[in-house]
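Visitor: Dropping a structure here in structure tokens format, bear with me for questions.
All of the numbers you see were taken from the coordinates with simple rules; none came from a lab. Here the structure is a predicted model, which is why all the values come from computation and not from measurement. Here Cβ is always computed from backbone atoms with ideal geometry, including for glycine, and neighbour counts include all displayed protein chains.
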Amino acid sequence: MGPQQSLAAGRIRLTPKPAGSTAIRRQLADGRWHFQHGPIDLVISCNGRNDACNETLAQAWARFQQVLQELTPQLAMLRSPVSEACRGEGPIAAGMVQACRPFRVGHGLFVTPMAAVAGSVADEICRAFQFPGIDRAYVNNGGDIALFLTPGQHYDIGVVTDLQAPAIDGRFRIDAATPVRGIATSGWRGRSFSLGIADAVTVLAATGAAADAAATMIANQVNVDSPAVQRRPASELKDDTDLGERLVTVAVNPLTAAEAASALDAGASFAELLRQQGLIAAAALALCGQARVVRSR
């Protein structure tokens with residue numbers, strides 16, 4: 001997997017499908033596949049018997065073409081705060097709600113199911129590869145990744161924390177013996193809004209949806225009260241945002257070392273609480289050249 005495959009922030013933007021829009025697919029030069037439909041952009045890798053890979057790729061493509069038409073009618077609910085009574089229709093929307101509910105019910109935080117949309121889509125498409133003859137597969141939805149691994153298989157992951165100067169800042173391995181099947185990264189520089197100031201928060205969890213939601217919520221907690229941080233109401237930046245008038249980060253000017261440390265400590269404390277509650281397996285947080293890693297000892 002390439003170094004930027006765990007990079008993007010944890011939400012994609014869903015808008016009603018334009019009339020006549022169609023899903024497209026193509027095989028990349030390295031053998032991976034690219035599926036794209038509206039805002040959903042997947043890179044897929046599959047290893048195993050050729051016949052099994054061909055069959056599962058066909059199943060994944062057929063399922064992928066249904067995703068937008070399944071989610072679009074539910075947008076009003078998916079953009080509303082999660083509640084105990086909230087339910088999603090179909091496995092993707094249901095996965096979004098399930099991944100986000102603990103943050104609302106257990107922690108009293110504002111969250112909508114959209115915090116887990118990219119990861120939940122990746123999970124659903126990845127299910128097509130849970131098939132005899134497939135050794136391993138991944139579905140990368142703009143940086144939110146779902147994995148399938150059979151015994152003895154693994155993926156090596158490279159983490160990039162600075163999109164302005166991309167380089168591999170850390171590496172880790174996920175093998176089949178671990179419970180981790182989801183990776184996601186969030187931060188204020190990503191493709192969706194953040195309430196916090198993290199350059200990057202990468203989370204490992206049991207599913208892509210769980211990692212996606214947790215990365216978003218941990219990144220929101222990486223915060224500090226400083227004049228170096230510029231914020232604007234989300235609704236001024238996107239008219240269909242699920243964040244309404246909430247202030248989102250639009251710029252982070254140079255922070256003092258103490259400010260960066262304070263922000264990271266706040267995020268790491270929240271991530272450790274989530275780890276203890278079993279919501280995540282591990283997290284890596286980065287800001288202004290500093291980092292924190294949360295994992296079991």
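Visitor: So which residues in the stretch 45-56 are under 19 Å from ASP144 (Cα atoms) and not polar (S, T, N, Q), if there are any at all?
Guide: The answer is CYS46, and nothing else.
Visitor: Additional query: Quick check: is even one residue across the stretch 230-252 over 30 Å from PRO39 (Cα atoms), touching a residue at least 24 places away in the same chain (Cβ under 8 Å) and either among the aromatic types (Phe, Trp, Tyr) or part of a helix (DSSP H, G or I) (or both)?
Guide: Here is the first cut: in the stretch 230-252, the residues over 30 Å from PRO39 (Cα atoms) are none.
Checked against the condition, which is being over 30 Å from PRO39 (Cα atoms), touching a residue at least 24 places away in the same chain (Cβ under 8 Å) and either among the aromatic types (Phe, Trp, Tyr) or part of a helix (DSSP H, G or I) (or both), the stretch 230-252 yields no hits at all.
Visitor: Do we have ASP175 as under 28 Å from CYS46 (Cβ atoms) and either of a type in the set (Lys, Arg) or in contact with a strand residue (DSSP E or B) (Cβ under 9 Å, 6 or more places away or on another chain) (or both) here? Please lay out each step first, then the result.
Guide: On the way: under 28 Å from CYS46 (Cβ atoms): yes; either of a type in the set (Lys, Arg) or in contact with a strand residue (DSSP E or B) (Cβ under 9 Å, 6 or more places away or on another chain) (or both): yes.
Yes: the conditions hold for ASP175.
Visitor: Those residues that are among the β-branched types (Val, Ile, Thr) and either more than 18 Å from THR161 (Cβ to Cβ) or assigned to a loop (DSSP other than H, G, I, E, B) (or both), I need them from the stretch 218-228; list them, please. Reasoning before the result, please.
Guide: Initial filter on the stretch 218-228 (among the β-branched types (Val, Ile, Thr)): 218, 222, 224.
Of everything in the stretch 218-228, those that are among the β-branched types (Val, Ile, Thr) and either more than 18 Å from THR161 (Cβ to Cβ) or assigned to a loop (DSSP other than H, G, I, E, B) (or both) turn out to be VAL222, VAL224.
Visitor: I'm trying to understand the selection: among the residues of the stretch 58-95, which are without any contact (Cβ under 8 Å) to a residue 40 or more places away in the chain, over 18 Å from the mean Cα position of the chain (by Cα) and outside any loop (DSSP other than H, G, I, E, B)? Spell out the reasoning first.
Guide: We begin by selecting, within the stretch 58-95, every residue without any contact (Cβ under 8 Å) to a residue 40 or more places away in the chain; these are 58, 61-62, 66, 70, 73-74, 76-77, 81-94.
Add one more test, that the residue is over 18 Å from the mean Cα position of the chain (by Cα), and what stays is 58, 61-62, 66, 70, 73-74, 76-77, 81, 83-90.
Hits for the stretch 58-95 are ALA58, TRP61, ALA62, GLU70, PRO73, GLN74, ALA76, MET77, GLY90.
Visitor: Right, next: Take the stretch 132-190 and flag every residue that is basic (Lys, Arg), within 23 Å of VAL222 (Cα to Cα) and buried (at least 18 other Cβ atoms within 10 Å of the Cβ).
Guide: Filtering the stretch 132-190 down to residues basic (Lys, Arg) leaves 136, 171, 173, 181, 189.
Now drop any that are not within 23 Å of VAL222 (Cα to Cα), which leaves 171, 189.
Once the filter is applied, which keeps residues that are basic (Lys, Arg), within 23 Å of VAL222 (Cα to Cα) and buried (at least 18 other Cβ atoms within 10 Å of the Cβ), the stretch 132-190 yields only ARG189.
Visitor: Still on this model: Which one of ALA284, ALA271, ALA215, ALA209 is in a strand (DSSP E or B), closer than 28 Å to ALA176 by Cα, within 18 Å of the chain's Cα centre (by Cα) and of a type outside the set (D, E, K, R)?
Guide: Values: ALA271 fails: in a strand (DSSP E or B); ALA215 fails: in a strand (DSSP E or B); ALA209 fails: in a strand (DSSP E or B).
From the options ALA284, ALA271, ALA215, ALA209, the qualifying one is ALA284.
Visitor: Would you pick out the residues in the stretch 126-161 that are of a type in the set (Gly, Ala, Ser) and either free of Cβ contacts under 8 Å to residues at least 60 places away in the same chain or more than 17 Å from ALA211 (Cβ to Cβ) (or both)? Step through it out loud before you land on a result.
Guide: First, the residues of the stretch 126-161 that are of a type in the set (Gly, Ala, Ser): 128, 133, 137, 142-143, 146, 152, 158.
Listed by number, the residues that qualify are ALA128, GLY133, GLY152.
Conditions (1) in a helix (DSSP H, G or I); (2) closer than 26 Å to TRP61 by Cα; (3) out of contact with any helix residue (DSSP H, G or I) (no Cβ under 6 Å at 6 or more places or on another chain), marked per residue:
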| residue | (1), (2), (3) |
| --- | --- |
| ILE125 | yes, yes, no |
| ARG136 | no, yes, yes |
| THR161 | no, no, yes |
| GLN164 | no, no, yes |
